[in-house]
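First the structure, in the form of structure tokens, and then the observations on it.
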């Protein structure tokens, strides 16, 4: 079907009322049109945030491409209508529609949400309601789409469990086909939603929350999580792509007309991370580390650029410096890209001689700022969080960069880490000063182009499920702000204070994120209340309201401090214990204890630390390494 | 070697809700995909040397807009069109590609007038009379807008001289030939508003389509594609 002949869901006058009408018209390059009559499954994929953010997300492009490669499935996209369009659609009673066919979401077989951050939860309710569906799974009918969630937040999606029919745990490439086959089978033999969901719960990675009963202790902690049937698993194991190199890759991603946040081609070189930073959830839930082959990546890069016309290619992974074939890949990419006048961007690259050399070759001569993520100011704290970056690493990298002509450095820190003292916070200021001083020592006066700029930013730490810090207590907003103020004072005391800019994030958003991250099913009414009181786009400072959340906790009788301010005991049952991420609770607890002792744990290329992900028998877990394998 | 090529393009359907800067980005990517030998600017941040004759407003369709591109190699018209059209999104296509003579003026400076087709709905039977009244008037005043600092309102502008032609077509749509350029620039939406005013309200338009853009040569309007042709 010709995209230019589609009838749009929104009439002209309404589109002209919108801030950016192209958010709602679809029809972009590489978007997929199919004949609705010729497919068996209509899947509507939702990123519950604004179009430009959602379209920058690689995971959506992977599943969109994969599902549309199935002849019997048509996957379309929908995003949260921005506040202007949200108001218009409510006023005009226009049901939310998918971008490709422009047909109402409610007519689809599946509505799939990717859950990338907790602050998008209210937007899920926005999308459900604008689609004309009941918010709670139990209130929806046989004809409503199956509402399914995926992505990192599903590792503890309990606060939103009542709104969903299914959570897909793990990498979607593995079992969506199985789920679709089952759905078609049920449709053929006479579909009953409850029967389908029951059968679906038997597929690996498929969690049907309604089929698990949660009981609580008198102290409000979880007592037990019990499956409602004998033939569904007690814990839901995540699915892992064993052969990443042979798995589907979207080399013809949808290219937006309007500028997305990521206006570039993305090449995912590796999944997982060898470094066991104790605060990092991604580092645990995407285990084991699996890399693609350089030849494969070169083929993808060429196809990507030919199919999209992007003028920039970005390498993506949790830690690109740890990609085994990086040197060869970059040499070959630089050759190809220089010829095509394409810029290569290298986020998450450790700053050292090699990366600076590469950056000199690939990036605009105009030297942008360099970024280091020490995460904590003092070496003691960096040991606590197991961040392997030392002061020497940072200073050596910075020195080379300054010699190479850079004069802007960004430093990222966290405040509120477990066991943190005021002197650790002050160390943020001292480290920033050291880097600034180094510039003046390194670069002779005659060669300086103005003052060096050190931008130190700190975010407030949120303990996440499936990390060593899942037992940890969070700081209160008052503590956060006091520490940030302390840091600011210390920055002002430094010799080079004029060269240091210090920023810190919003403490109130952090608190809500913390509650949602480790919350349980009793939070659903709170989220509903916040939404009913006008809460949408909580991830945006201009639309977020802390008071709205505080009011909702109060009116729902929920003590939110319970979820964040307690240090949890070793034997506590967590709401997310129903999920089996491969990484064992025993290993995580060992890491929690190591953290308290300030003991560093080796990365998993140097030595297997026995985290449990080896049970997936793939990637780095089956490669020979130093130490005990 | 450097050669400038003027592409005539059309844009139809839902893609008309794209803004001008997004169209620029769209064409840059299309040129990349097509493998046309684009010439890049020198300097720190090399980019394609591309310019448009007349920014396309959000929601406007076109059958005859122009984009100039510098290339490092001269190719035949058919090959250039084929290569670009092969990688175009549905709704956007190129219909002509003319190689320009050296030192050709940039397209934007050339623009002297443009034709439009305006869809009409509502009380369309009042349209013909309103058209006649506008064409018979000596003065059609529109709001002059504000001064650059936005403090003072400018005097109203008389755009009557800028309306070169206006009539109702057989299919019921409105045709307009309007003066464009730096001296006087008449916007089709302003003329439509005046027409609606003359009709006493009740006229609507859902779609304005630009049909052609002209340059002025020897006091005659000629399509931009034919101005500054290399072998003319």
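Rounded to the nearest 10 degrees, the angle from helix A:176-189 to the longest Cα principal axis of chain A is 10 degrees. Does the stretch A:578-622 come out rounded, prolate or oblate, given a ≥ b ≥ c as the square roots of the eigenvalues of its C-alpha gyration tensor, rounded meaning a/c under 1.5 and, failing that, prolate meaning a/b above b/c? Verdict is oblate for the stretch A:578-622. Between residue A:390 and residue B:204, what's the calculated FRET efficiency when r is the beta-carbon distance and R0 is 60 Å? Round to 0.05. Taking R0 as 60 Å, the efficiency between residue A:390 and residue B:204 is 0.30. The spread of Cα positions in chain B, taken along each principal axis and listed from longest to shortest, comes to 56, 37, 36 Å.
Take every residue in peptide B:16-22, count the Cβ atoms of other chains within 10 Å of its Cβ, and give the average of those counts. Don't skip to the answer; put the middle values down first.
Numbers: counts 6, 15, 9, 6, 0, 2, 6.
Neighbouring Cβ atoms belonging to other protein chains average 6 per residue here.
Sorting B:231, A:263, A:219 by the number of Cβ atoms found within 10 Å of their own Cβ, with the fewest placed first, yields B:231, A:219, A:263. Between residue B:121 and residue B:93, the simple label model (points 7 Å from Cα in the Cβ direction) yields a spacing of 2.5 nm. Relative to the longest principal axis of the Cα atoms of chain A, helix A:507-517 runs at roughly 50 degrees.
For a paramagnetic label modelled on residue A:189 (point 7 Å from Cα along Cα→Cβ), amide N atoms under 17 Å away belong, within the stretch A:202-245, to A:202-203, A:231-232.
May I ask for the distance between the Cα centers of the stretch B:28-50 and the stretch B:124-161, given as a whole number of Å? Cα centroid of the stretch B:28-50 versus Cα centroid of the stretch B:124-161: 41 Å apart.
Estimated from the Cβ-Cβ distance and a Förster radius of 41 angstrom, the FRET efficiency linking residue A:577 and residue A:142 is about 0.80.
FRET efficiency for the pair residue B:128 and residue A:605, taken as 1/(1 + (r/R0)^6) with r the Cβ-Cβ distance and R0 = 60 Å, rounds to 0.15.
What shape does the stretch B:3-110 have by the C-alpha gyration tensor, where a ≥ b ≥ c are the square roots of the eigenvalues, rounded means a/c under 1.5, and otherwise prolate means a/b greater than b/c and oblate the rest? Taking the square roots of the gyration eigenvalues as a ≥ b ≥ c, the stretch B:3-110 is rounded.
What does the structure give for A:304-312 when I average, per residue, the other chain Cβ atoms found within 10 Å of the residue Cβ?
On the way: counts 0, 2, 4, 2, 3, 11, 4, 7, 0.
For this peptide, the per-residue mean of nearby foreign Cβ atoms is 4.
Return the tail of the calculated pair distribution for chain A, meaning the percent of Cα-Cα pairs more than 35 Å apart. Kindly include the intermediate steps, with their values, before the conclusion.
On the way: 85327 of 197506 pairs.
Everything past 35 Å amounts to 43 percent.
Cβ crowding within 10 Å ranks A:458, A:345, A:615 as A:615, A:345, A:458, fewest other Cβ atoms first. Take the Cα of residue A:495, go 7 Å toward its beta carbon, and the backbone nitrogen atoms of the stretch A:417-441 under 14 Å from that spot belong to A:430-441.
Where does each of A:339, A:567 land when they are ranked from fewest to most other beta-carbon atoms within 10 angstrom? Working shown, then result.
Numbers: A:339 8, A:567 11.
Going from sparsest to densest Cβ surroundings: A:339, A:567.
Beta bridges from DSSP with both residues in the protein assembly as shown: antiparallel share about 55 percent, rounded to the nearest 5. The packing ranking, built from the mean of other Cβ atoms within 10 Å per residue, places the peptides A:187-195, A:203-211 in the order A:203-211, A:187-195, highest first.
Suppose each label sits 7 Å from its Cα in the direction of the beta carbon; what would the residue A:506-residue B:187 distance come out to in nanometres? Simple spin-label model gives 3.4 nm for this pair.
In this rough spin-label picture, where each label sits 7 Å from Cα along the Cβ direction, the residue A:302-residue A:446 distance is 4.9 nm.
Quick check: from the Cα gyration tensor, does the stretch A:96-185 come out rounded (a/c under 1.5), prolate or oblate? Note, shape of the stretch A:96-185 comes out rounded. Mean partner shielding of peptide A:17-27, defined as the number of other chain Cβ atoms within 10 Å of each residue Cβ, is 4.
Summed over qualifying helices (DSSP H, 4 residues or more, each -39500 (n - 2.57)) and divided by its residue number, the protein assembly as shown shows a 222 nm mean residue ellipticity of -9000 deg cm²/dmol.
Quick note: the coordinates plus some simple rules give every number you see, no bench work behind them. Please read these numbers as outputs of a predicted model, since none were measured by experiment. Methodologically, a virtual Cβ is constructed for each residue, glycine included, from the backbone with ideal geometry; neighbour enumeration extends over all protein chains shown.
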